[in-house]
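Each remark here refers to the structure printed beneath this line.
Each reported figure results from applying straightforward, stated rules to the coordinates on display, with no laboratory input. Source: prediction; values computed, not measured. Ideal geometry is used to build each Cβ from the backbone, glycine not excepted, and the neighbour counts take in all protein chains shown.
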Amino acid sequence: MQAKRFIVFICNILITIACALSIGAYFVLPLWKVELTYNVNAQMLQELVGAESDEEMDFEEILGEEGVTLSLGFEIQTKDVLSLLNSDPTVAVSNLIDGTVDKIVEQLSGTLNEIAQGVVSQVSKEMVKQSVKQSVADIFADSGNQKSDQELQAILNEVGFSDEYIENKTDELLDSMYADGATVGSVADKVTEIVEDVYQKLDNSDYAEFDGAALSPEDKEQLNEDIQEVLASILCADEDGNINMDDMTAQLLLELLNSQNTAAVDQASEMRVGYAQRVQSAYAAEPQEDANEQLKQQVRDAIKQQIPEDAAQGIAQGMKYVSYALLFTFFTWAYLVIKIVFKFFSKDNSIKVKLPILLGWLPFLVLQGIPTLVMWLFKSSPAFLTDVLGAETVAQITAALNPLSVTFSSAAVVSFAAAAALAVFVLFFYGGMRKSLKRTIREER
């Protein structure tokens, strides 16, 4: 009998470890973690900023054919849920919502900057193209020889100002702006170099109107000074002229968002502003202090506006029930340890482990199992779901979820694994050992 008691004792140690891991995991890992990836394509961005299809921006070029993947995630800790039991639930949840929104805004920052850089590139190319065309048009106008847009474009192509040339030069300019250690002076040098190349091409052309268009050294020096003065007023630079493009792109997005809000207000008066014009106004706008922080605050406010006012109260009530469920889950595992301690000196030191096997993994079902299953069902659209909800409803839900990928995880996965392991352990070993020990005890009486 002693040998069997010792084997059961070793088994009880293993059960205790499983119980400790099941409870401890809730305080080490997030109680609930949701990770989302959403593909933002050209059409979505166009609708987001309120740009009409006939406006100048090429959103597909900004985002690429595949679009930009937006990654977000938020998590809830066990201590936050349990804290609702001894504090004002509504206040605690409000603080939790604020913290979650702040994390989401930080995660959005990288993607927003990526989109902003695409906008800067797209609009810069359009501005350079229009500026060159306007300069050529002015030269012909001064000579009394007006040209149509088609004629101007033909002349530009002939002289060497193709779209490819303009794109390459604009990319060079943007590279100089985003380069490490970029300054107003270094960017001005690049702009001067591009302008000089433009006028040199004009001077080398066969058109008499362009004779003498090349810049003289004095013109080039004066142009560089003028460009530096202009750049210093529109780029976010410090006292030494160092450029902060993060602030610049944040400023750009702020101006775009503010312009969009104004356009929405004036829509009744049909006051529509061209998208490229809005971006150009951002270049001319006076840089705002802490543009990044202002942008984050604006995004933060936009997210909070989507949260109902009574959401905190409803979430608090729900999380309070979750806290009760957690306490019960902890009890199902702790109960085994309590029984092991109380039966330590008994002849029959074995215990029943049915309770956590049946109920100790339910948080996993609610927090990870069911949400994952629901997402899979709508993604795969099985036939029975179509029969229940209707083909049209399922199609709409599937289309909405198509660019979305959601992953759910929970600390409860440890208790689920422990419950599964215990079930196998009891079925193939511990249950038999427990019966054998009881039989031996009865025979020795």
_Along the Cα→Cβ direction, 7 angstrom out, place labels at SER83 and GLU444. What is the inter-label distance in nm?_
5.3
*Peptide ranges 336-342, 374-380 listed from the most packed, as the mean C-beta count within 10 angstrom indicates*: 336-342, 374-380
*Order of 403-416, 28-41 by packing, highest average Cβ count within 10 Å first?*
403-416, 28-41
*Starting at the first residue of the range 127-141, write each ³J(HN,Hα) from the Karplus equation 6.51 cos²θ - 1.76 cosθ + 1.60 with θ = phi - 60°, in whole Hz, x for Gly and Pro.*
5, 4, 4, 5, 5, 5, 4, 5, 5, 5, 4, 5, 4, 5, 5
*Apply the Karplus parameterisation 6.51 cos²θ - 1.76 cosθ + 1.60, with θ equal to phi minus 60°, to every residue of the range 25-36 and state each ³J(HN,Hα) to the nearest whole Hz, in sequence, with x for glycine and proline.*
4, 5, 9, 9, 9, x, 4, 8, 10, 10, 10, 10
*What are the residues whose amide H is under 5 Å from the amide H of ALA411, where those residues sit 5 or more places off or on another chain and H is modelled from the backbone?*
LEU31, TRP32
*Which of the lysines could a cross-linker span from LYS343 if the Cα-Cα distance has to be under 20 Å and same-chain partners fewer than 8 positions apart are dropped?*
LYS4, LYS352, LYS354, LYS435, LYS438
*Mean Cβ neighbour count within 10 Å, used as a protection proxy, ranking 179-189, 204-214 highest first*: 179-189, 204-214
*Kirkwood Rh, the range 103-222, all Cα pairs: how many Å?*
16.2
*Of LYS133/LYS296; LYS125/LYS296; LYS103/LYS190; LYS133/LYS220; LYS190/LYS304, which pairs sit farther than 31 Å apart, going by alpha carbon to alpha carbon?*
LYS133/LYS296; LYS103/LYS190; LYS190/LYS304
_With 5 Å bins from 0: P(r) over the range 307-407, alpha-carbon pairs, percent_ = 2, 10, 12, 11, 12, 13, 12, 9, 6, 5, 4, 2, 1, 0
*asked:* Through the Karplus equation 6.51 cos²θ - 1.76 cosθ + 1.60, θ set to phi - 60°, convert the phi angles of the range 164-178 into ³J(HN,Hα) values in whole Hz; use x for Gly and Pro.
replied: 5, 4, 5, 4, 5, 5, 5, 4, 4, 5, 5, 4, 5, 6, 8
*Collect residues whose amide H, placed 1.01 Å from N in the peptide plane, falls under 5 Å from the amide H of LEU70; neighbours closer than 5 in sequence don't count.*
TYR38, ASN39, VAL40
